[in-house]
Amino acid sequence: MSSSQNAGIGKGDPGSATLIATLSFAGLLSGLIIVLAYDSTLPTITAYKATVMKEAVFKVLPGVSRMQRLVYRNGTLSTTEQTKKDDEVIFSGYDVSGRLVGYAIPGAGPGFQDTISLLYGYIPEKRKITGMEILESRETPGLGDKIYKDPAFVANFDSLAVDPEIRAVKKGKRSAANEIDAITGATISSKAVVRIINEANRLWLPRIEQASQPKDKG
C-alpha cells in the first residue's frame, strides 16, 4: 500500500472530541425523553395505584362504604391533605352509618422471588384480620403466585386471630384461630405473607390501640 493511500486512511474520520460530544448529546437526549415520559405518565400511574388501593380496602374490610387515609405522625393518627414521601399510612373504613368498622393496613417484605406488597383488614375490637389482598408480587408462576390466585389460601385470612401471632402450618394441619394452611410447594411464599403481616401488626396494632384511647382532657 502506498504512502499516499496510508495517509488517506482515517482522513475525514471524526476525532475523539466529536465522538464524545455526539455520545454526550445522545445520552442527554435519551435522559430528557425518559424524564418527559415519566412526568407525563406519573399522574396516570398515581391515579391507577390510588384506585387499586381503594378497591383493596373495600375487599379486606367487608361492610365498609367509606374510607379515610390516616398518617402516623408525632405519635398520633391523623388525616392530612399534605403528603410526604416517608409517610406511614393506613386506612380507616366506615359503614353507612359512619361507624368505624376497622383498619386496612399495608405491609411489604421479601418473598421467594422479590418483594411482596399486600393489604389486610383488621378489627381492633375482635383482634382479628378480616381479609388479605396481594397488591404486588413476582412469586413463581404456578406455585408462589397461589398466594393471590388460590381462593383457599386467601380465605385463610377472612377471620384470623392475631394473638399470639399468626402461624403458617402444613396444609390440612390448621387447628387454631391464629393459624393458616400453607400452600403445598410454596411454603416460602406462604410464610413470607405471614411474616409481613406479623411485622406490620407489631408496628401498627400498638399505634391503633393508642389512638383508640380516650384523650385526657386534664
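Most simply put, the stretch 117-191 has about 75% antiparallel DSSP beta bridges, counting only bridges with both residues inside it. Charge tally for Lys173 (other residues, Cβ to Cβ under 15 Å; Lys, Arg +1; Asp, Glu -1): +3. Summing charges over all other residues whose Cβ lies under 15 Å from the Cβ of Ile116, with Lys and Arg as +1 and Asp and Glu as -1, gives -2.
Projecting the Cα atoms of Leu205, Thr184, Phe91 onto the charge dipole of the stretch 62-218, computed from C-beta unit charges around the Cα centre, puts Leu205 farthest toward the positive end. Segment Lys85..Ala108, full-extension length gain: 6.7 nm, with 0.36 nm per residue of separation and the alpha-carbon distance subtracted. Taking the Cα centre of the chain as reference, the dipole from Cβ charges on Lys and Arg (+1) and Asp and Glu (-1) amounts to some 480 debye.
Cβ-to-Cβ counts within 10 Å put Glu139, Glu165, Glu209 in ascending order as Glu209, Glu165, Glu139, the fewest first.
With K and R counted +1 and D and E -1, the other residues having a Cβ less than 15 Å from that of Lys49 yield a net charge of -1.
Per-residue 3J(HN,Hα) values for the stretch 105-122, derived from phi via the Karplus relation 6.51 cos²θ - 1.76 cosθ + 1.60 with θ = phi - 60°, read 10, x, x, 8, x, x, x, 6, 9, 7, 5, 9, 10, 8, 9, 9, x, 9 Hz in sequence order (x marks Gly and Pro). The stretch between Lys171 and Leu100 holds 22.1 nm of extra length on full extension. This uses 0.36 nm per residue minus the Cα-Cα distance.
Among Pro106, Pro124, Pro164, the largest mean-square fluctuation in a Gaussian network model of the chain, built with springs joining Cα atoms closer than 10 Å, belongs to Pro164.
Around the amide H of Ala168, modelled in the peptide plane, lie the amide H atoms of Ile180, all under 5 Å away and 5 or more residues distant in sequence or on another chain. Between Asp39 and Ser65, the modelled labels are 4.4 nm apart [label points 7 Å from Cα along Cα→Cβ].
Take 114-120, 85-91 and order them by the average number of nearby Cβ atoms within 10 Å per residue, most first; the result is 114-120, 85-91.
Each value in this text was obtained by applying a stated rule to the coordinates, not by laboratory testing. Just so it is clear, the structure is predicted and the values come from calculations on it, not from any experiment. Using ideal geometry, Cβ is built from the backbone for each residue, glycine included, and neighbour counts are taken over all protein chains shown.
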